[in-house]
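Asks: Dropping the structure in here first, questions after.
Here, each number is a calculation from the coordinates, and none is a lab measurement. Just so we're clear, the structure is a prediction, and the values are computed from it rather than from any experiment. FYI the Cβ positions are ideal-geometry reconstructions off the backbone, even for glycines, and counts take in every protein chain you see.
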Amino acid sequence: MNSFQKRLIKARRKLAWRKIEGLVFLLLFGGIFGAVGHTMGMSNMLNSIMKTAHDLLMNTVFYIMGITVLAGALGKLMIEFGVIRVLEMLLAPLMRPLFNLPGVAALGGLMTFFSDNPAIISLANDRNFRGYFKKYELVSLTNFGTAFGMGLIVMTFMIGKGFIGAAFVGLAGATIGAIVSTRIMQRLVKPVLCEEPEPEATGEEGIVEDISFKSKGNIFLRFLNSVLDGGKQGVDLGLAIIPGVLVISSMVMLFTFGPSDPAAGYQGLAYEGVPVLPWLAGKFDWLFRLLFGFKTPELIAFPITSLGAVGAALSLISTFITHGVITGNEIAVFTAMGMCWSGYLSTHTAMLDALKYRELTSKALLSHTIGGLLAGIAAHYLYIIIY
């Protein structure tokens, strides 16, 4: 059998598999939405999905985008005028005892906190920055940075809803989750990576002056450029979360809440659906109550949604408040898990691929899953102790 025949057989097998895959998808898609449509009425289901997406766009996405624009401008100002440097100096001594990372890693955590997860990759690809890390430490930056991704936006959103203290308890919980996730990742990858510094390493512990942010112009121009550039980045981030909010949140809502008026039945209103997730969560209600203090099973929708997109998860908060199922404890847990799990399923692969360690993705995901769960547990019990 020549090479052409082998390629032909391989192509036919691939085509056959694609047909099977398509058939399975159609069966699952049709079965799930057919069952929901049968329960709600097909017209009511379609109307609910469209009205939910529209309400999320108008009342949640633009609210979050306003936060991202302001947070982006603030973050850029803090970088431009050296506030990040001051915070870095204060946090650097904590990096080694808490995260087993060099002090300069604080810069990466702050960058992701004020923007999003991928910000740490732009730093990790910098030769100066990489020089401070051993290989296993460098790889663990994906877990460390992800644990603080979109932190400012998440906290600002929660504080904007009136939960100031709970938001800061959540930040403490996210920090605990970051410690656990980073250290587990280091323990898992250390045996397969040499402990010597990267070949291009030039840095020394505690010396961070070589990593700089160049600025041009007078103070007024720097202020103006920072505000406009940071705001523009906020708009880009706000636009980027639209698909996640509209698609993921609409589907989560469809399987979270029942009819708005049980007596009237389904009316095709926004946020109506078949409460499958609460039914499943209800089977483990005692566990979620013990770990996170959740009093209603619908609340599990937030951490599940955070796995894919924390922006989409934030869109659930207003609905939970409307239904009266949320307190300061839940906000603390949501802040911790939302920040720690901020879309890591969709970003970890890309981040490790950029560092050329894609084969370690499964270890990173396992470590961060454990870290996120412990972040929520820590936030719950810290809230009980404090309040």
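Asks: Please name whichever of V180, V139, I120 sits farthest to the positive end of the charge dipole of the stretch 119-189, dipole taken about the Cα centre and charges placed at Cβ: Lys and Arg +1, Asp and Glu -1.
Replies: Toward the positive end, the furthest listed residue is V139.
Asks: I want to verify the translational diffusion coefficient of the stretch 301-384 in µm²/s; compute it with Stokes-Einstein, Rh as the Kirkwood radius over Cα pairs, at 10 °C and 1.306 mPa s. Write out the running numbers ahead of the final one.
Replies: Details: Rh = 13.4 Å.
Estimated diffusion coefficient is 118 µm²/s.
Asks: With viscosity set to 1.567 mPa s and temperature to 4 °C, compute the Stokes-Einstein D of the stretch 1-148, Rh being the Kirkwood radius across alpha carbon pairs; µm²/s, no decimals. Could you put the intermediate results ahead of the total?
Replies: On the way: Rh = 20.5 Å.
It comes out at roughly 63 µm²/s.
Asks: I've got another one for you. Can you pull the three principal axis extents for the Cα set of the stretch 211-274, in Å, largest first?
Replies: 66, 23, 14
Asks: Beta carbons within 10 angstrom, averaged per residue: use that to sort the peptides 368-374, 225-231, 22-28, highest first. Mind showing how you got there, number by number?
Replies: On the way: 368-374: 22.4, 225-231: 17.6, 22-28: 10.1.
With the highest mean Cβ count within 10 Å placed first, the list reads 368-374, 225-231, 22-28.
Asks: Go ahead and run the numbers for FRET between L46 and D261, Cβ-Cβ distance against an R0 of 22 Å, rounding to 0.05.
Replies: 0.70
Asks: Next up: Relative to the longest principal Cα axis of the chain, at what angle does helix 328-340 sit, 0 to 90 degrees, rounded to 10?
Replies: On a 0 to 90 degree scale, this one is about 60.
Asks: Express in nm, to one decimal, how much length is gained between H38 and K295 on full extension, taking 0.36 nm for each residue of separation and deducting their alpha carbon distance. Write down the numbers at each step before the final one.
Replies: Numbers: separation 257, 0.36 × 257 = 92.52 nm, distance 2.98 nm.
Working it through step by step, the gained length comes to 89.5 nm.
Asks: I'd like to know which of G22, G376, T349 lies farthest towards the positive end of the charge dipole of the chain, counting +1 on Cβ of Lys and Arg and -1 on Cβ of Asp and Glu.
Replies: G22
Asks: Give me the percent relative contact order of the chain, please, defined on Cα pairs under 8 angstrom at least 6 residues apart. Working shown, then result.
Replies: Working: 622 pairs, mean separation 97.0, N = 387.
Over the chain, the number comes to 25 percent.
Asks: Sticking with this one: Tell me, what is a quarter of the convex hull surface for the C-alpha atoms of the stretch 1-62, in nm² with one decimal? Don't jump to the answer; show the numbers that get you there.
Replies: Working: hull surface 28.2 nm².
Value for the stretch 1-62: 7.0 nm².
Asks: Under the 0.36 nm per residue contour assumption, what length would be gained going from the current alpha-carbon distance of K19 and S318 to full extension?
Replies: Numbers: separation 299, 0.36 × 299 = 107.64 nm, distance 4.18 nm.
Length difference between fully extended and current span is 103.5 nm.
Asks: Suppose each label sits 7 Å from its Cα in the direction of the beta carbon; what would the K190-F220 distance come out to in nanometres?
Replies: 5.6
Asks: Same structure, new question: Which distance in Å, rounded to a whole number, links the C-alpha centroids of the stretch 49-98 and the stretch 311-387?
Replies: 16
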